[in-house]
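The values are calculated or read from the model by the stated rules, or taken from the named source; none is laboratory data. In this text, all values refer to a predicted model and were calculated from it rather than measured experimentally. All Cβ positions, glycine included, derive from the backbone under ideal geometry; neighbour counts span all protein chains shown.
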Amino acid sequence: MKNYIFAILIILITSSCGFKVRNLNELSNYQISKISTSGDKLISYKIKNKLLLSSKSNQEKVLVVKLKTVKTKNIKEKNIKNEITKYSLTIEVNVKFHLINKNDEIIEFKKRRTGDFNVANKYSQTLNNEKKLVSVLIETISDQITEEFLIQVNDL
């Protein structure tokens with residue numbers, strides 16, 4: 001009886017369902033020919049570079065992209081002395097794109113990410129906390145935009 005249970009466990013562990021996680025870079029079948037940006041310059045520049053890295057050259061599907069970025073910083077918490085202890089930072093990107101070769105249909109979507117950072121004793125450390133949060137938010141938003149491009153372009 002123990003041998004049967006052991007054999008069944010070995011078979012279940014060693015067999016697989018065949019599901020394979022695909023790398024997004026393998027699926028990207030589009031080329032970005034032009035990206036125009038407006039709004040926050042630094043955020044737009046970093047997102048633009050990440051999107052250009054995800055596109056491949058010499059593809060059939062050529063995109064023209066417009067990005068509008070907005071960064072808002074709000075007070076999240078204050079202490080008893082009415083001093084700010086935590087900020088909330090929101091980055092919102094409005095993306096419009098269309099395929100050059102297929103049709104003139106403009107596809108539009110928004111991506112928004114929010115995060116919090118603490119106020120440190122030194123102002124320079126507070127700025128570093130904000131920069132780290134901005135870079136994390138930019139990374140996640142650019143990944144989301146890339147995924148949305150893949151979904152929309154492959155649906156068309």
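Worth pointing out:
Residue by residue, here is whether (1) over 30 Å from V119 (Cα atoms); (2) surrounded by fewer than 10 Cβ atoms within 10 Å (Cβ to Cβ); (3) modelled with pLDDT of 90 or more holds:
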position: N3; (1), (2), (3): yes, yes, no
position: S16; (1), (2), (3): yes, yes, no
position: I32; (1), (2), (3): yes, no, no
position: S36; (1), (2), (3): yes, no, yes
position: D40; (1), (2), (3): no, no, yes
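- Among (1) at pLDDT below 85; (2) more than 15 Å from T146 (Cα to Cα); (3) part of a helix (DSSP H, G or I) - the single one N25 does not satisfy: (2)
- From the list N103, N121, the lone residue that is over 22 Å from V153 (Cβ atoms), modelled with pLDDT under 95 and out of contact with any strand residue (DSSP E or B) (no Cβ under 7 Å at 6 or more places or on another chain) is N121.
- Output for segment 49-77, where each listed residue is among the small types (G, A, S) and either at pLDDT 95 or above or surrounded by 14 or more Cβ atoms within 10 Å (Cβ to Cβ) (or both): S54, S55
- When I80 is tested against (1) surrounded by 10 or more Cβ atoms within 10 Å (Cβ to Cβ); (2) of a type in the set (A, V, I, L, M); (3) modelled with pLDDT of 90 or more, only condition (1) is not met.
- Residues satisfying the stated conditions in segment 83-102, i.e. of a type outside the set (S, T, N, Q) and loosely packed, with under 12 Cβ neighbours inside 10 Å: E83
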